[in-house]
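This report refers to the structure that appears directly beneath it.
The values are calculated or read from the model by the stated rules, or taken from the named source; none is laboratory data. All values derive from a computational prediction rather than experimental measurement. Cβ: placed from backbone, ideal geometry, glycine included. Neighbour counts: every protein chain shown.
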Amino acid sequence: MAPPRRLQVIPYNPSESNDRPAGVPSTTQQGNTQSVDKPSNSSGGPSKQTRRLSEIKSKLLRPALTSHYICKFSPPVPVRNWTKNKQTPYDRDNQELIELSCSEAALPGSSLMTHDITNDYSGVSEKHAYRRAYDQRASFTFMVDHDYTIIKFFENWMSYIVGEQFARQNDRPGIEDPNYFYRVRYPEQYQTNELYITKFERDYENTGVCLEYRFLKAYPLSITTMPVRYDASELLKCTVDFTYSRYLISPTATVQETPQLQQNPKSNPTQRRETTNPVNTYGEGTPLTGRDNPTGVRIDGVPEPNPITYRQELGLDPL
């Protein structure tokens, strides 16, 4: 019978094992450097790239202003016929009146609707999106004209929705009849897909850059009260709330276009820049000179002392 073999006991060394438990940092030393438990990559810190002052000015000193916008309202054909019979036709003059009288509007917003997930991973709660929810209400404030055209127009639009009329028609009594009842029309008859809010800046004629919102299935939902009183006279304003299904942002309206430069490519580039991008650098009453937008340097190369800044031109800083 052979004698039993003696077992050799080898001590466990974690630094030499490939089966190290998760979360236990390695203690292997390479030279004087010891690896630690840290993320493999981090990009949240500041960039080491040096930025020029002209680059910072071109990004920060060209803010969007709230006073440059236009709103357009285009009711469906049945509503136009109805308002025409009510002596408030949606013709060219009234269309321009409504667009120019809109003194206040709000760019729409939206949010994502989510549901909670709590049991997929131990100790982890998640939110998964399943649809997009829109505000579904847009408010527009108008300065009322002398003939109250704006109030009459939107009142007639709402009266068409519920079918209000003074004359008796078939089996329906007129609105003045004590037995009057409402019969609301179909949504396709009073909703419009041609309600727009376009946000642009002062140089829109030269750049063509804008932000266009288009509202779908929109119609006036309410007209707020307009108080009148025997105090100092003020402008009478009318606020109309529209409801809508959703909105779209035009993907082509935010692209910078310069059609003036494409019409005559063989002309003098200095003359093209001066005609398409005039900048009154020294303030009101000074000659218009074409400039490079990022740097502000004159295109013709003529030196000049103490030009005003963009903030001074806007009145934000003293001259």
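ARG80 passes all but one of (1) at pLDDT 70 or above; (2) assigned to a loop (DSSP other than H, G, I, E, B); which number fails?
Failed condition: (2).
When the residues of region 159-179 are narrowed to those that are of a type outside the set (S, T, N, Q) and more than 24 Å from PRO75 (Cβ to Cβ), which ends up modelled with the lowest pLDDT?
The residue in question is ASP171.
In region 134-157, which residues are over 26 Å from the mean Cα position of the chain (by Cα) and over 21 Å from ARG80 (Cα atoms)?
HIS146
Select from region 158-192 the residues that are under 31 Å from the mean Cα position of the chain (by Cα) and of a type outside the set (Ser, Thr, Tyr) and list them in ascending order.
Passing the criteria: MET158, ILE161, PRO187, GLU188, GLN189, GLN191.
Mind listing whichever residues of region 164-190 are farther than 21 Å from PHE154 by Cα, part of a loop (DSSP other than H, G, I, E, B) and either basic (Lys, Arg) or not assigned by TED's automatic domain parsing to the domain that holds THR83 (or both)?
Within region 164-190, just ARG168 meets the criteria.
Return the residues of region 49-101 that are farther than 16 Å from PHE140 by Cβ, under 22 Å from the mean Cα position of the chain (by Cα) and not hydroxyl-bearing (Ser, Thr, Tyr); say none if nothing qualifies.
Across region 49-101, the qualifying residues are LYS59, LEU60, LEU61, ARG62, PRO63, ALA64, LEU65, HIS68.
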